[in-house]
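Notes for the one structure printed next.
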Amino acid sequence: MPTKLQKDIIILAIESSCDDTAAAVIKNGHILSNEVASQQIHELYGGVVPELASRAHQQNIVPVVSVALKNANIELNELSAIAFTKGPGLIGSLMVGSSFAKSLAQSLNIPLIGIHHMQAHILAHFIDEPNPNFPFLCLTVSGGHTQIAKMNGHFESEILGKTIDDAAGEAFDKAAKMLGLPYPGGPLVDKYAQLGNPDAFPFPQPQIPNLDYSFSGLKTSFLYFIQKQEKLNPNFIAENLNDLCASMQKTIIKHLLKKLVLASDQTGIKEIALAGGVSANSKLREMLVETGKIKNWNTYIPAFQYCTDNAAMIAMAANYKFILKDFEQLDTAPFARS
Ligand code: KG4
Ligand code: ZN
């Protein structure tokens with residue numbers, strides 16, 4: 001906490017990398033508000049339509065920021081800095097958030113802070129206690145990324161392994177689409193899987209060397225299996241939905257945890273965290289805790305509201321960058337590579 005002579009650090013953070021328009025306010029490292037407007041329009045198209053996403057961000061951003069400030073009981077003139085997601089993400093979506101953040105920072109004459117979206121997912125672990133101790137391994141699983149990061153410091157990371165094709169969230173969403181479920185299908189697969197038998201349909205485990213992941217072969221074998229079964233029984237999906245979800249989910253989770261165990265064995269690190277949208281998956285959370293007990297790990301799983309895209313994680317990362325005085329120029333490009 002700052003002393004009486006130090007000013008409070010109050011940051012407004014904006015996240016707009018994909019299809020959620022989110023804003024949060026953080027004061028001296030404590031989240032005061034965390035608001036999100038999710039875009040339903042993409043359900044109609046079975047996936048995020050970039051052009052529609054940026055238009056919806058444009059509509060949502062002012063109301064979402066206003067609610068975040070109101071719920072935090074903070075006035076614009078109290079802000080110390082404006083933070084935004086610099087990438088990776090959809091360029092049109094990122095441009096809405098970054099342009100808004102730049103304009104506000106300039107008009108208030110306060111610093112601008114750019115945050116890497118995947119780093120923010122990991123730093124969500126510092127919002128609530130207990131926090132992982134450095135170095136820790138973080139399995140980061142979202143709709144666009146799947147990686148094992150070794151975190152040596154808040155902004156010092158090494159990627160030990162990553163997917164060579166689809167992300168884990170994509171595997172969930174594509175499997176759901178094949179089952180006729182709406183986008184995003186990950187949470188629905190999770191829901192139906194809770195009523196199914198995970199051993200009903202043994203799908204082949206992806207075989208890929210080192211600490212990398214691959215989900216595209218699994219996706220193809222899932223598709224071929226369904227197509228074959230539907231020829232024999234047109235009601236196959238409807239009659240086996242729960243078992244299909246449970247079996248596919250089990251295969252994805254087994255692949256995720258196998259490489260995480262390997263990473264821990266190879267590095268000797270037993271501080272293990274989970275981050276990103278797929279960390280909301282109930283079975284993955286349960287299996288990580290179970291594996292952690294067997295392997296004697298300290299496991300860290302974020303609260304649900306900090307798993308999928310949110311601005312509180314951007315705010316938390318920005319709080320550390322503010323302390324480091326790591327600011328952006330107003331002419332910065334709204335893009336960070338993955
Ligand atoms: O981190 P996130 O909100 O956005 C990206 O940065 O991509 O992750 C979204 C992904 C989607 O693929 C979504 O289906 C998946 O996370 N997801 C889940 C669950 N909740 C969200 N996947 C499986 N089970 C869930 N409960
Ligand atoms: Zn994300």
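I need the calculated FRET efficiency for the pair GLU290 and ASN152, taking r as the beta carbon distance and R₀ as 30 Å, to the nearest 0.05. Here the calculated transfer efficiency is 0.65. The residues packed around THR267, meaning those with a beta-carbon under 14 Å from its beta-carbon, carry a net charge of +1 if Lys and Arg are +1 and Asp and Glu are -1.
For the peptides 85-96, 202-213, the ranking by mean Cβ contacts within 10 Å, running from highest to lowest, is 85-96, 202-213.
Which helices pass in the chain if a helix is a full DSSP H run, must span at least 18 angstrom along its long axis by Cα, and must have mean Kyte-Doolittle hydropathy not below 1.0? It would help to have the intermediate numbers written out before the result.
Details: long enough: 50-72 (31 Å, 0.10); 91-108 (25 Å, 0.90); 216-232 (25 Å, -0.28); 236-267 (45 Å, 0.21); 282-295 (20 Å, -0.49).
The qualifying helices: there are none.
Highest mobility in the GNM of the chain, judged by mean-square fluctuation with C-alpha springs under 10 Å and restricted to ILE41, ILE252, ILE148, is found for ILE41. Shown for the chain is the translational diffusion coefficient from the Stokes-Einstein equation, using the Kirkwood radius over Cα pairs, a temperature of 25 °C and a viscosity of 0.890 mPa s: 119 µm²/s. For ALA317, neighbours were defined as the other residues whose beta-carbon sits under 14 Å from its Cβ, and their charges (Lys and Arg +1, Asp and Glu -1) total -3. Looking at the chain alone, DSSP beta bridges between its own residues are antiparallel in about 60 percent of cases. Beta bridges assigned by DSSP with both partners in segment 132-301 are antiparallel in approximately 60 percent of cases. Only helices enter the 222 nm calculation for the chain: every DSSP H run of n ≥ 4 contributes -39,500 (n - 2.57), and dividing by all residues gives -14000 deg cm²/dmol, rounded to 500.
Of the trypsin sites (Lys or Arg not before Pro) found in segment 1-50, the ones in coil according to DSSP and having at most 11 other Cβ atoms within 10 Å of their Cβ are LYS4, LYS7.
Filter the trypsin sites (Lys or Arg not before Pro) in segment 232-338 to those in DSSP coil with at most 11 other Cβ atoms within 10 Å of their Cβ, and list the result.
Details: sites: LYS250, LYS254, LYS258, LYS259, LYS270, LYS283, ARG285, LYS293, LYS295, LYS321, LYS325, ARG337; in loops: LYS270, LYS325, ARG337.
Taking segment 232-338 and a limit of 11 other Cβ atoms within 10 Å, the loop trypsin sites (Lys or Arg not before Pro) found are LYS325, ARG337.
Spin-label pair ALA303-ASN77: with each label point 7 Å from Cα along the Cα-Cβ axis, the two points sit 3.2 nm from one another. Under a model in which nothing but the beta-carbon of Lys, Arg (+1) and Asp, Glu (-1) is charged, segment 132-301 shows a dipole of about 160 debye around its Cα centre.
Listed by chain and number, the lysines whose C-alpha is less than 28 Å from the C-alpha of LYS177, apart from same-chain residues fewer than 8 away, are LYS162, LYS191, LYS219, LYS228, LYS231, LYS250, LYS254, LYS258, LYS259, LYS283. Between the listed residues ILE301, PHE84, SER33, the Cα displaced farthest toward the positive end of the dipole of the chain, a dipole computed from Cβ unit charges relative to the Cα centre, is found at ILE301. Summing +1 for each Lys or Arg and -1 for each Asp or Glu among the other residues whose beta-carbon sits under 9 angstrom from that of LEU211 gives +1.
Here the extension length gained between ASN210 and LYS177 equals 8.9 nm, from 0.36 nm per residue of separation less the Cα-Cα distance. For LYS102, a cut-off of 13 angstrom between C-alpha atoms picks up these aspartates and glutamates, skipping any fewer than 8 places away in its own chain: GLU328, ASP331. If you run the Gaussian network model on the chain, springs between alpha carbon atoms under 10 Å, then out of SER107, SER142, SER38 the most flexible one is SER107. For segment 42-83 and segment 188-210, what is the separation of their Cα centres, given in Å? First find each Cα centre; the distance between them is then 35 Å.
Cross-link partners for LYS70 among the lysines, with Cα-Cα distance under 16 Å and sequence neighbours closer than 8 places in the same chain left out: LYS27.
The calculated FRET efficiency for ASN131 paired with GLN40, based on their beta-carbon distance and R0 = 45 Å, is about 0.85.
Every number in this text was worked out from the coordinates using simple rules, so none of it is lab data. Predicted, not measured: the structure shown is a model, and the values here were computed from it. Quick reminder, even Gly has a Cβ in these numbers, built from the backbone with ideal geometry, and neighbours come from all protein chains shown.
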